[in-house]
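Here's the structure, in structure tokens; my notes come after.
The values are calculated or read from the model by the stated rules, or taken from the named source; none is laboratory data. Please read all numbers here as calculations on a predicted model, not as lab measurements. Note that we place each Cβ from the backbone using ideal geometry, even for glycine, and neighbour counts take in every protein chain shown.
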Amino acid sequence: MPNPIKIWIKAAYARYYRSDFCISLRASLAKLDRDARDLHWAKMLDRQKAVLAQVCPDMRVLGGPFAGLRYDGWKVAGSALPPKLLGTYEKELYPAIEEIIRSQPSLIIDIGAAEGYYAVGLARALPQSRVVAFELRESARELLRDFAALHGVGERLSIHAGADQQTLLAAAEAQTGFILCDCEGAEFGLLTRPGLEALRSFSLLIEVHDFVDPAGADRLERELSQTHQVERIPFQPRRPEDFPVPSDLSNKAKMACLDEGRQKDCYWLYARPK
């Protein structure tokens with residue numbers, strides 16, 4: 001016998017949930033939620049600016065391998081500026097980046113370069129290296145050009161929209177190289193067996209977006225291990241103690257500036273040639 005309560009619920013759903021009134025109500029509630037989140041981030045930005053005005057008023061990166069890198073205002077693309085200025089941005093990668101700098105590769109490829117934190121930072125640290133940066137967003141490429149010009153590395157840094165398999169195969173002509181890849185899941189289609197085989201003399205540092213394709217993440221690590229020694233570098237949640245300078249700021253204020261807005265299970269693959 002059919003359950004009368006279930007029948008009533010289905011009838012009510014069909015009659016009211018899809019009505020113009022409920023659709024309008026849900027749209028209004030969704031707008032209120034977006035407005036509340038926008039207000040939250042606006043307040044967060046105000047707090048961040050107030051803190052950074054105290055600890056790095058000249059907008060220079062305080063620590064890490066790119067210490068001294070200077071930003072001209074809040075010009076970033078797709079990531080948070082405060083951790084970069086504090087010198088804590090992706091600090092899990094600092095040993096790998098410092099190792100790459102010591103190896104002095106002739107060619108650096110940055111896939112997903114955004115405004116150029118890594119591309120320009122590495123160009124400054126490696127004056128003999130050529131840097132090729134790929135970034136799909138035109139607005140970010142404009143920021144990258146300006147950032148490179150600000151630091152006087154524009155002549156050694158070429159900027160392009162998208163990378164493909166041919167890009168990697170052409171790069172393989174260099175004797176020594178380094179590829180940094182953060183392309184929001186596109187790494188699984190880009191870094192495949194033919195390209196990786198050609199890049200066996202390159203080091204690679206890849207942010208893995210396994211939520212996009214878990215099977216692709218496993219395949220990438222497995223195929224990399226055929227030609228490289230692969231190290232998995234996990235993200236380490238930030239703590240107030242990570243704030244790099246002595247300060248009487250509250251822990252909440254410190255964490256607001258240290259927050260990179262990433263998932264706790266985020267990780268990178270660092271692949272060194274065998």
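Selection over the stretch 138-185 of residues that are surrounded by 16 or more Cβ atoms within 10 Å (Cβ to Cβ), assigned to a loop (DSSP other than H, G, I, E, B) and not small (Gly, Ala, Ser) gives a count of 4. Would you confirm whether or not the stretch 128-150 contains a residue that is touching a helix residue (DSSP H, G or I) at 6+ places or on another chain (Cβ under 8 Å) and of a type in the set (Asp, Glu)? Checking the stretch 128-150: at least one residue is touching a helix residue (DSSP H, G or I) at 6+ places or on another chain (Cβ under 8 Å) and of a type in the set (Asp, Glu).
Every test in (1) within 15 Å of the chain's Cα centre (by Cα); (2) of a type outside the set (S, T, N, Q); (3) at pLDDT 95 or above is passed by Ala77 save one, and that test is (3).
Evaluating Pro246 against the criteria (1) in contact (Cβ under 8 Å) with a residue 24 or more places away in the chain; (2) more than 20 Å from Leu204 (Cα to Cα) leaves one unmet condition, (1). Quick check: is even one residue across the stretch 222-233 under 16 Å from Cys181 (Cβ atoms), in contact with a Pro (Cβ under 8 Å, 6 or more places away or on another chain) and surrounded by 14 or more Cβ atoms within 10 Å (Cβ to Cβ)? So far as the stretch 222-233 goes, yes, one or more of its residues are under 16 Å from Cys181 (Cβ atoms), in contact with a Pro (Cβ under 8 Å, 6 or more places away or on another chain) and surrounded by 14 or more Cβ atoms within 10 Å (Cβ to Cβ). Among the conditions (1) crowded, with 21+ Cβ neighbours inside 10 Å; (2) within 25 Å of Lys75 (Cα to Cα), Ile100 misses just one, which is (2). Just the residues that are surrounded by fewer than 16 Cβ atoms within 10 Å (Cβ to Cβ) and not in a strand (DSSP E or B), please, taken from the stretch 52-61. If the condition is that a residue be surrounded by fewer than 16 Cβ atoms within 10 Å (Cβ to Cβ) and not in a strand (DSSP E or B), then Ala53, Gln54, Pro57, Asp58 are the ones that fit. For Leu69, the conditions (1) within 14 Å of Pro244 (Cα to Cα); (2) out of contact with any Pro (no Cβ under 7 Å at 6 or more places or on another chain); (3) crowded, with 20+ Cβ neighbours inside 10 Å all hold with the exception of (1).
Just the residues that are assigned to a loop (DSSP other than H, G, I, E, B) and surrounded by 16 or more Cβ atoms within 10 Å (Cβ to Cβ), please, taken from the stretch 237-258. Hits for the stretch 237-258 are Arg238, Phe243, Pro244, Leu249.
All conditions but one from (1) modelled with pLDDT of 90 or more; (2) of a type in the set (Ser, Thr, Tyr); (3) under 29 Å from Lys274 (Cβ atoms) apply to Thr192; the one that does not is (1).
Which residues, counting only those in the stretch 119-137, are among the hydrophobic types (A, V, I, L, M, F, W, C), under 22 Å from Gln104 (Cα atoms) and in a loop (DSSP other than H, G, I, E, B)?
Let us first name the residues in the stretch 119-137 that are among the hydrophobic types (A, V, I, L, M, F, W, C), namely 119-120, 122-123, 125-126, 131-134, 136.
Imposing the further condition that a residue be under 22 Å from Gln104 (Cα atoms) reduces the set to 119-120, 122-123, 125-126, 131-134.
Leu126, the sole residue that qualifies.
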